[in-house]
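Some notes on the structure that comes next.
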Amino acid sequence: MLKKFKALLPKPPFKSAGYTSRPYPVNTKWLVREVTNEDIKALLAVEREVYHGKLPWTKSAFLSELISPLPHLYLCIENEDILAFGGCRIIGNDAHITNIAVHPKFQGAGIGTFLLEELETFARQHGCLTMSLEVRLSNRDAQRLYRKLGYVSRAIKPAYYDQTNEDALDMVKYIE
């Protein structure tokens, strides 16, 4: 059914961003590639680890991202193990980061920075002037990372997260 639906969608006028297997840094085996339908089960497993058994994104949410005309959901792997994933959606001149998650066993190793830099490369390739995201007010570690990479706070979005009713910090980065 999904293949039939995808066939009905118009083809984008450009090629994929080309993240098929980009090693970074040079002395590691990290690779970035686009997510496929076959990866969704593993992405859900990473989410369960990151969010303590909860699933902020469902299988259908991931499938919805995959049928979008512009590829924008990537995973970071090492020896076929999924370390992390991240994605963004281009809205006008903004690349809005929709999701980023690093498996707890690999947090603190620079993978989140690496993925954000890859998403920024994608945004630049598509003419974006800004990158934006929402982060839980309680997630101070993520906020520190975003600030280190040049994101600034814009506003607080009250009760942004449905499951917990937690507020979100809206952040933006201006890119050249």
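Derivation of every value follows stated rules applied to the coordinates shown; laboratory data play no part. Every value quoted in this text rests on a predicted model; they were computed, and no experiment measured them. Counting neighbours? That spans all protein chains shown, and the Cβs are built from the backbone with ideal geometry, glycine included.
Quick look at the numbers
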| quantity | calculated |
| --- | --- |
| Burial order of peptide ranges 159-168, 95-104, 128-137 (average beta-carbon count within 10 Å, highest first) | 95-104, 128-137, 159-168 |
| Counting DSSP beta bridges with both ends in region 51-171, the antiparallel % (nearest 5) | 90 percent |
